[in-house]
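Asker: Take this structure, written in structure tokens, and hold onto it; I'll ask about it next.
No value in this document is a laboratory result; all are computed from the given coordinates. Please read these numbers as outputs of a predicted model, since none were measured by experiment. Backbone-built Cβ (ideal geometry, glycine too); neighbour counts: all protein chains shown.
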Amino acid sequence: MNDDVPTPSPARPRTRDLALAAGVLLTLAYCWMFSAISVPNERSRVYLGVAIVDHGTLAIDAPIARFGRINDWARFDGRAYTDKAPGSSFLYAALYGIARVFWDADSFSITALINLARTFLMLPIGLIGFLVMRRMLYEELGFGRGISDAAAVTWMLGTNAAHYAHAFYGHQIVAAALVCALWLLLRAGRVGGRSAWWQAGAAGACAGLAGLTEYQAGVACALLALYALVTLARTNPGALVAFGLGAIPFVAALAAYNDAAFGGPLELSYHHLVIKNLATLHTEGVGGVGLPRAELVAPVFVSLHRGLFTSAPITLLALPGFAIAWRRGHRPLAALCVGVGLFYVLIVMGTRAWFGGWSFGPRLITPGLPFMIVPAAFAMRALSRSLAGGMVWRGLAVAGVVVNQLVRAVLFELPESTTNPLVDAILPALRAGTPSVNLGWHLGLSGLAGLAPFALLTLAWCVWLTLPKDDEPRGASVGAARALGSMSALTWLLASALVVGPTWSARQSGKFSRMMTGWTKKERRVHDLPEAPRAESSKKKTP
């Protein structure tokens, strides 16, 4: 294969597509958050969707009265509004509107409303992002099937995309929309002619949806527009115009929403926040983002709780991948990936709320992860030319998959006070038999037994990643070496966590354990499931 000139690849076997898609969907859907955990970020988005469908208004006063107050809200002219950009809520309103055809409004608790979004909105969007990523790498950038699939799987399961594809935040909606926009622009550049106009127009619509969903995505959309200008202006100016036309309805929708809710097309919800500390965070600098701070370099990149390279190790390959893509002639693409990826890193390093509250990994970088995965795929292909190189990228991919699925098995939105979540929270919760809500519970498997299918599924992905990709050499000895190499980064991460040791006090650990136990009991009552057997205590009772 010529790396310098991307060529359309032959059609993929449908069975391979379906098997990978089903495996990714099952992995994403297997574990989810406790019903007792009601995240304000999710509730605020749900409130606007419910207000639109049930009350015909953009104000969320009625949902607040019914389901309770939240921190994430804004106020204007005596009325309450969500503090989020409205795109995710508009999508949810369409979904909830369909559900309301079959059920009355009183049939939905807040738990049911949130799980509706998590299951029937976020999971399909996550799956679409995965399918588009692998198709873009394979058909538009000329990667082999093996590297295309491995890169897409690692993005979806080996980074915090694994959680935000099953949580009603805007991050993964933006990530999927931006991936679709890039894919369509690449297709427009390849097919040419008037048929490219439809591709470019759809790309503009995807970029517009991203900007309608998160205000910060506007910068990424501007960079995509610049990429469209560079790649289409000379060869197909009509397609460039189509890109702009595709984005206009979403820009107009945001302006109309701002005007109706906050009294002006340029008035954002951030200008009217109610909670003082949130208002302070979002008014510092530009939209709450100031100059990057040097003291955040280590926490943002290598901390055990928030680090980009520790929660998404495959992103270590992004920098060499940028250089490889540039050298191979993909200069506009490399520049776009650098720009978007760097922008989201600078957002985190320039805000006081860089840690993102209760979460794992750098939550605010999530929309920029696809623009690190694309160059990482270039590095993966280059490394695959040697046995040692193949061991390197596999080690990073497997480490990401295991760490993210291990955290998802307990509680992805970990308290911000821990700096070593594996030792402080994950292992103690597993020892206590209080994992996250999972499909195993509904199969009659209680306690840790409910995680057994999930553990086998995660192991299957790790084994699949070690298998030879594309033109890599085959053989028992080579395969054994790859399998050994695939454990290297994971071993280093786990050893680092054990060496650092617990960072919580006994009181903090006890409080977390009690919370997990309470959430587990409540979840079983909600779903009318039998109580799980209590774990044996390691301490002897004293008279």
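Asker: Sort by residue number and report every cysteine in the chain with no other cysteine beta carbon within a distance under 4.7 Å.
Answerer: Among the cysteines of the chain, those whose Cβ sits 4.7 Å or more from every other are Cys31, Cys221, Cys337, Cys462.
Asker: Take region 392-526, compute every pairwise Cα distance, and split them into 5 Å bins from 0; I just need the percent in each bin.
Answerer: Pairs per bin, as whole percents: 2, 10, 17, 19, 16, 14, 10, 7, 4, 2, 0.
Asker: Rounding to the nearest 20 debye, state how big the charge dipole of the chain is about its Cα centre with +1 on each Lys and Arg Cβ and -1 on each Asp and Glu Cβ.
Answerer: It comes to approximately 1040 debye.
Asker: Where in the chain are the DSSP H helices whose alpha-carbon span along the long axis reaches 20 Å or more and whose Kyte-Doolittle mean is at least -1.0?
Answerer: 14-30, 87-102, 171-191, 195-213, 217-232, 237-262, 331-349, 387-408, 452-466
Asker: Show that you can apply the helix-only estimate: for the chain, add -39,500 (n - 2.57) for every DSSP H stretch of four or more residues, divide by all residues, and state [θ] at 222 nm to the nearest 500.
Answerer: Helices in the chain give a 222 nm mean residue ellipticity of -18500 deg cm²/dmol.
Asker: Using the Cα centre of region 392-526 as the reference point, and only Cβ charges (+1 on K/R, -1 on D/E), how large is the resulting charge dipole? Debye, rounded to the nearest 20.
Answerer: Charge dipole, region 392-526, about its Cα centre: 560 debye, nearest 20.
Asker: For Leu342 paired with Lys522, estimate the spin-label separation in nm (one decimal), with each label point 7 Å from Cα along the Cα-to-Cβ line.
Answerer: 4.5
Asker: Turning to a different aspect of this structure: Along the charge dipole of region 392-526, Cβ charges K/R +1 and D/E -1, which of Ser513, Leu396, Ser477 sits furthest on the positive end?
Answerer: Ser513
Asker: If the cut-off is 15 Å between C-alpha atoms, which aspartates and glutamates fall inside it for Lys522, apart from same-chain ones fewer than 8 positions away?
Answerer: Partners found: Glu531.
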